[in-house]
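Here's the structure, in structure tokens; my notes come after.
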Amino acid sequence: MTPTPGRKARREAYHKVDDEGDCEDPAPAPEGKAFVWLWPPGAADPVLAGRITETTGQHDNTPVCTFTYDDSFLERPDAVSLFTPELPLRSGVFDPTQPEGPPSRDPLSIASCLRDASPDAWGRRVLNSQIAGKATAVLSELTYLLAAGSDRIGALDVTTTPSAYTPQAAEQATLDQLVQACELIEIGKPVPAELRKGIRHLTGVGGAQPKALLVNGERSLIAKFPSITQARPALHAEAVAMLLAQRVGINVASVEMVPVEGRDVLLVERFDRPKAGTRHMMVSALTLLGYGELASRHATYPQLADTVRASFTHPADTLRELYTRMVFNICVGNSDDHLRNHAAFWDGYLLELTPAYDIAPSPRAGGPLSHALGITRDGRRASQLHLARAAAHDFELDDAEAAALIDRVTTRVRVDYDDVCDQARVSAADRKAMWGREFLNPYVEYGEP
Ligand SMILES: Nc1ncnc2c1ncn2[C@@H]1O[C@H](COP(=O)(O)OP(=O)(O)OP(=O)(O)O)[C@@H](O)[C@H]1O
Ligand SMILES: [Mg+2]
């Protein structure tokens, strides 16, 4: 057996980039059209919901893609809108550059609830190397949507034909084969044929880190792999944060760290596959708030709280849960808490917060850290608990309730840290280094009045 290269050797290989990956024919996008299939709530089979048309118009230097519900879908008793604030259930063409309101939404090149079914940085990188032969290539949104595979996150699929649903099934691949394929893609090397059969596992899930979708018996999983670009034990820190979140009482995706051929891989239980064959519709918080990517830099947790108050089931409990997640993100330095790292289930009528995911402490040398999502309504984002205290009223909590909640979270993190490090297979040196740096960095207590 070939020995597995260590983290350092793999990082060195990353810098010897040879960007001539194998080429595949681009996925055909017939006449700039793609067909959207939806698993209605509780259904085991998808139905044709509508079509996406790539137009000659441009928005932000990107072709504009419109959406139209199919007449046959509108006549179905189980028809639901893909997301009512954006694509209400009615006939006609939806132009994303002319969003309807209220509430007001940013003009986009494609409806945000459709963009949620498309790959992000990691999946795009895989497709760029496989389709165009270069990780840095840029393909059309329609190509990404069509090539993402049929087990993608949420309850949509996108295909080239409206007549019958034909899934692009992923071929079987072992976890080790997927890890190897990811490493080759990260260093810009060609993926050999025997590993390429697993490529579809890599493209149906968003985010920037290397990962794959897996099915193991009844379990649908996301496998997150250690990136060879990172010297720090980022995946272990994420495992510790996710397990601590569960101990704190946050509703969070279950995770397990497993050794695979000398590396640790983080298995995350998918929450969008409730039972065999059925799928949960999901929208990112970016879609919920109606922001474009650039403008989303101004978004805040209190704005998310407003949407919860206005449109979610169980708003009081959800506000408390959201507040707890915000406090916890401060305690574990998860500053990458952007709007694609929060999501809601959508059943055509109501919204419900999904379990938390991607709670990943950010790299930091010293103290200061800023969150992607503002903590206070006026956009202050320093990773400090006094800002969370100042924002408590936006979550319907009084000062005493907020103080008790923060005290409970910090105590749990302190008490359970070692136990959770054991569970996450963290070495003694790494757990010592992460405490006070990633976890409960003294900066979280600075600036208290
Ligand atoms: N347990 C889960 N069940 C269903 N969908 C999930 C789950 N975890 C993550 N997702 C979806 O997969 C996407 C990517 O996952 P994740 O955010 O963990 O990846 P990442 O590469 O670490 O992201 P980032 O680019 O934010 O660092 C999320 O945006 C979300 O849509
Ligand atoms: Mg993410």
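The values are calculated or read from the model by the stated rules, or taken from the named source; none is laboratory data. Keep in mind it's a predicted model, so treat the numbers as computed, not measured. Glycine also receives a Cβ, built like all others from the backbone with ideal geometry; neighbour counts cover every protein chain displayed.
The residues listed here are LEU304, LEU319; of these, the one that is at pLDDT 95 or above and more than 20 Å from the chain's Cα centre (by Cα) is LEU319.
Table: residues versus (1) within 24 Å of GLU293 (Cβ to Cβ); (2) within 23 Å of the chain's Cα centre (by Cα).
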| site | (1), (2) |
| --- | --- |
| LEU38 | no, yes |
| ALA43 | no, no |
| ARG51 | no, no |
| GLY57 | yes, no |
| PHE73 | no, no |
| SER81 | yes, yes |
| THR84 | yes, yes |
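Within the stretch 375-382, does at least one residue satisfy the condition of being outside the structural domain of GLY42 (by TED's automatic domain parsing), touching a Ser or Thr at 6+ places or on another chain (Cβ under 8 Å) and buried (at least 22 other Cβ atoms within 10 Å of the Cβ)? Checked against the condition, which is being outside the structural domain of GLY42 (by TED's automatic domain parsing), touching a Ser or Thr at 6+ places or on another chain (Cβ under 8 Å) and buried (at least 22 other Cβ atoms within 10 Å of the Cβ), the stretch 375-382 yields at least one hit.
Test LEU244 against the stated conditions and say whether it is at pLDDT 90 or above, within 12 Å of ligand 1 (Cβ to nearest atom) and touching a helix residue (DSSP H, G or I) at 6+ places or on another chain (Cβ under 9 Å). So LEU244 does not fit the description; no. Go through (1) over 30 Å from CYS113 (Cα atoms); (2) within 16 Å of ligand 2 (Cβ to nearest atom) for ASP398 and report which single condition fails. The single condition ASP398 does not satisfy is (2). I need a count of the residues in the stretch 147-165 that are touching a Pro at 6+ places or on another chain (Cβ under 7 Å), surrounded by 21 or more Cβ atoms within 10 Å (Cβ to Cβ) and modelled with pLDDT of 95 or more. Result for the stretch 147-165: 1. Scanning the stretch 204-220 for residues that are in a loop (DSSP other than H, G, I, E, B) and more than 12 Å from ligand 1 (Cβ to nearest atom) yields a total of 2. From the list ARG273, ARG232, the one residue that fits, being assigned to a loop (DSSP other than H, G, I, E, B), in contact with a Lys or Arg (Cβ under 8 Å, 6 or more places away or on another chain), farther than 26 Å from THR300 by Cα and away from ligand 2 (no atom under 16 Å from the Cβ), is ARG273. For ILE187, indicate whether it is within 25 Å of PRO226 (Cβ to Cβ), within 16 Å of ligand 2 (Cβ to nearest atom) and touching a residue at least 60 places away in the same chain (Cβ under 8 Å). No, not satisfied. Does ALA391 satisfy the criteria of being buried (at least 22 other Cβ atoms within 10 Å of the Cβ) and touching a strand residue (DSSP E or B) at 6+ places or on another chain (Cβ under 6 Å)? No; evaluated as a whole, the condition is false for this residue.
Within the stretch 116-128, is even one residue modelled with pLDDT of 90 or more, more than 18 Å from LYS189 (Cα to Cα) and out of contact with any Gly (no Cβ under 7 Å at 6 or more places or on another chain)? Yes: one or more hits.
Selection of the stretch 291-313 for residues being of a type outside the set (S, T, N, Q), part of a loop (DSSP other than H, G, I, E, B) and under 19 Å from VAL80 (Cβ atoms) yields an empty set. Considering only residues in the stretch 199-220 that are away from ligand 2 (no atom under 16 Å from the Cβ) and buried (at least 23 other Cβ atoms within 10 Å of the Cβ), the one that is nearest to PHE328 (Cα to Cα) turns out to be HIS201. In the stretch 269-294, the residues that are under 16 Å from GLY217 (Cβ atoms) form Cβ pairs under 8 Å with partners that are in a loop (DSSP other than H, G, I, E, B) and more than 10 Å from ligand 1 (Cβ to nearest atom), at six or more places apart or across chains, as follows: ARG273/ARG279; ALA276/ALA44; ALA276/GLU218; GLY277/ALA44; GLY277/ASP45.
When the stretch 269-283 is filtered for residues that are under 30 Å from GLN180 (Cβ atoms) and out of contact with any Phe, Trp or Tyr (no Cβ under 7 Å at 6 or more places or on another chain), the ones remaining, listed by number, are GLU269, ARG270, PHE271, ASP272, ARG273, ALA276.
Looking at ASP157, ASP176, ASP106, just one residue is over 20 Å from GLY206 (Cα atoms), outside any loop (DSSP other than H, G, I, E, B) and touching a residue at least 60 places away in the same chain (Cβ under 8 Å), and that residue is ASP176. Looking across the stretch 322-343 at every residue that is aliphatic (A, V, I, L, M) and within 11 Å of ligand 1 (Cβ to nearest atom), the one that is surrounded by the fewest Cβ atoms within 10 Å (Cβ to Cβ) is identified as LEU339. When the stretch 244-253 is filtered for residues that are more than 18 Å from the chain's Cα centre (by Cα) and either buried (at least 22 other Cβ atoms within 10 Å of the Cβ) or not in a loop (DSSP other than H, G, I, E, B) (or both), the ones remaining, listed by number, are LEU244, GLN246, ARG247, VAL248.
Whether a residue is of a type in the set (Phe, Trp, Tyr) and crowded, with 22+ Cβ neighbours inside 10 Å was assessed, and PHE271 does not pass this test.
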